[in-house]
Amino acid sequence: MQNKLKIGFIGGGNMAVALITGLLQAGTSAQDIHVVDVNQAMLARLETEFNVSTSLMIDAKLQHMDVIVLAVKPQQLRDVVGELAVHLRQQLLISIAAGIRAIDISRWLNSYPRIVRVMPNTPALIGKGVTGLFALPEVTVAEKQCADEILRAVGSTSWVHEEKLIDVVTAISGSGPAYVFYFIEAMQQAAQELGLSPEQGTQFAIATFEGAAQLAMHSDENVTILRERVTSKGGTTYAALSSLEADDVKGKIITAIKAAAARATELGEEFGRQD
């Protein structure tokens, strides 16, 4: 991490908190972080917990930042960008606002070129996130590296070469934790219906997901091979997977993810129509 970078956040919610936590752990000084938010209680918490500077409004202090992270709700971003415009002095903008395209942010800022759009996910709150990134063509290699280092403070990163692929990232990893939690819920319910206590159902379901994910991450073999190794024909796993296949669960999961990607694209179109 470039420890002397001055980083401003517009929006002090959960993802901003995750990034600030990761940045401080990576060596960024609290004196080099500034947060803007309209919620006074949230700012007081950030000041107490992290010792960063704060402001209730977008002001000239942002002119001295090297990077400004746009961490507000999508429906708020157009107004935020309008207020920010007069304070831009070649800073790199990193937007984590879901669904809003970098090209539209640039258009709102009279073709401002230094914009990176990113899609992190909620495991970033514990430093286990994964983030997709897309940069406008004018963003330099050094600026891309800067954005990458900031997001790697909360997990792994991967760049995409077309902005439309951020919608795919949104559907896979941005929304993905909800799919995992949904499956864990089903495992918990089945465990209880079959006689385990709620605590045991939770323990076994979560530990199984964690262990399987770690095995997939560290194995040289792909997940299909790993699955097949657990599945003896005529055994218990075979019975479960046969039931899933009969109900086309894999196909329905793929359909659901495609629906999420389509909705992400729709949101980009809706937000992008703002003048």
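Tabulated results
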read-out	value
Unique match (being surrounded by fewer than 17 Cβ atoms within 10 Å (Cβ to Cβ) and in a strand (DSSP E or B)) among S111, S158	S158
Hey, Q63 assigned to a helix (DSSP H, G or I), in contact with a Lys or Arg (Cβ under 6 Å, 6 or more places away or on another chain) and without any contact (Cβ under 8 Å) to a residue 60 or more places away in the chain or not	yes
Residue count, region 1-42 (criterion: within 22 Å of the chain's Cα centre (by Cα) and in a helix (DSSP H, G or I))	14
Failed criterion for G12 (all others in (1) buried (at least 21 other Cβ atoms within 10 Å of the Cβ); (2) closer than 16 Å to V116 by Cβ; (3) touching an Asp or Glu at 6+ places or on another chain (Cβ under 6 Å) hold)	(2)
Hey, G99 in a strand (DSSP E or B), assigned by TED's automatic domain parsing to the domain that holds W159 and either surrounded by 14 or more Cβ atoms within 10 Å (Cβ to Cβ) or at pLDDT 95 or above (or both) or not	no
Test for G176: is it under 28 Å from R263 (Cα atoms), under 18 Å from the mean Cα position of the chain (by Cα) and surrounded by 20 or more Cβ atoms within 10 Å (Cβ to Cβ)	no
Test set (1) surrounded by 13 or more Cβ atoms within 10 Å (Cβ to Cβ); (2) outside the structural domain of E185 (by TED's automatic domain parsing); (3) not β-branched (V, I, T) - R273 fails condition number	(1)
Enumerated helices (runs of 4 or more DSSP H) restricted to region 161-270, each holding at least 1 residues that are touching a Gly at 6+ places or on another chain (Cβ under 9 Å) and without any contact (Cβ under 8 Å) to a residue 40 or more places away in the chain	165-169, 176-193
Every residue from region 135-155 that is assigned to a strand (DSSP E or B) and under 13 Å from the mean Cα position of the chain (by Cα)	G155
Tabulated pairs, region 138-155, first within 14 Å of M119 (Cα to Cα) and surrounded by 16 or more Cβ atoms within 10 Å (Cβ to Cβ), second of a type in the set (D, E, K, R) and modelled with pLDDT of 95 or more, C-beta under 6 angstrom, 6+ apart or interchain	G155/K128
Qualifying residue in region 120-127 (condition: in contact (Cβ under 8 Å) with a residue 60 or more places away in the chain, in the same structural domain as L56 (by TED's automatic domain parsing), among the small types (G, A, S) and buried (at least 19 other Cβ atoms within 10 Å of the Cβ))	yes
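The values are calculated or read from the model by the stated rules, or taken from the named source; none is laboratory data. Just so it is clear, the structure is predicted and the values come from calculations on it, not from any experiment. As a convention, Cβ positions derive from the backbone with ideal geometry for all residues, glycine included, and neighbour counts pool all protein chains shown.
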